[in-house]
1. Across all directions of projection, what mean area in square nanometres is found for the Cα convex hull of the range 94-133?
2. Return a whole-number percent for the relative contact order of the range 62-133, with Cα pairs under 8 Å and 6 or more residues apart as the contact set.
3. When only Cα pairs under 8 Å and 6 or more residues apart are kept, what is the percent relative contact order across the chain?
4. Name the most mobile residue of 27, 41, 78, meaning the one with the largest mean-square fluctuation, in a Gaussian network model of the chain with Cα contacts below 10 Å.
5. What distance in nm separates the two pseudo spin-label positions at residue 28 and residue 85, each 7 Å out from Cα along the beta-carbon direction?
6. At 222 nm, what value in deg cm²/dmol follows for the chain if DSSP H runs of at least 4 each add -39500 (n - 2.57) and the sum is divided by all its residues, to the nearest 500?
7. Given a Förster distance of 25 Å, report the FRET efficiency between residue 110 and residue 10 from their Cβ-Cβ distance, rounded to the nearest 0.05.
8. For the range 1-61, what is the convex hull volume of its Cα atoms per residue in Å³?
């Protein structure tokens, strides 16, 4: 598998949104905007447990993440799993702080996200496509 270039790694660790695509039962794509983290060579996303993307991942682990800013992007294809060993409430707090800042992120986690049944989804990349610059 092609690894991320240094420029690609800098890009995915920057604060960008991603489009997260899963496969519906009929094979058609389901895509939603999402926050993500990149750690230890894997991507972590978080969702409330009742979302379509969670049901799709449980049935078919093939996913894609399109991390983008204008015409610059990194496309990640991979295999996803519900990461039961992770603390989904801690993960959503980390994501909220990453995207909303320290004070607002902690407040959003406490007042909103922690009241939901949440799961963390870990994506192990199988392919990268970079278009940067």
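The numbers here are math on the coordinates, done by the rules we state, and not lab data. Keep in mind it's a predicted model, so treat the numbers as computed, not measured. No Cβ is skipped: glycine too gets one built from the backbone with ideal geometry, and neighbour counts run over all protein chains shown.
1. Over all viewing directions, the range 94-133 projects a mean Cα-hull area of 4.5 nm².
2. Reported relative contact order: 43 percent.
3. Averaging sequence separation for qualifying contacts and normalising by length gives 30 percent for the chain.
4. Checking each option, the largest mean-square fluctuation is seen for 27.
5. Here the answer is 3.7 nm between the modelled labels.
6. The per-residue figure over the chain is -8000 deg cm²/dmol.
7. 0.20
8. Hull volume normalised by residue count: 108 Å³.
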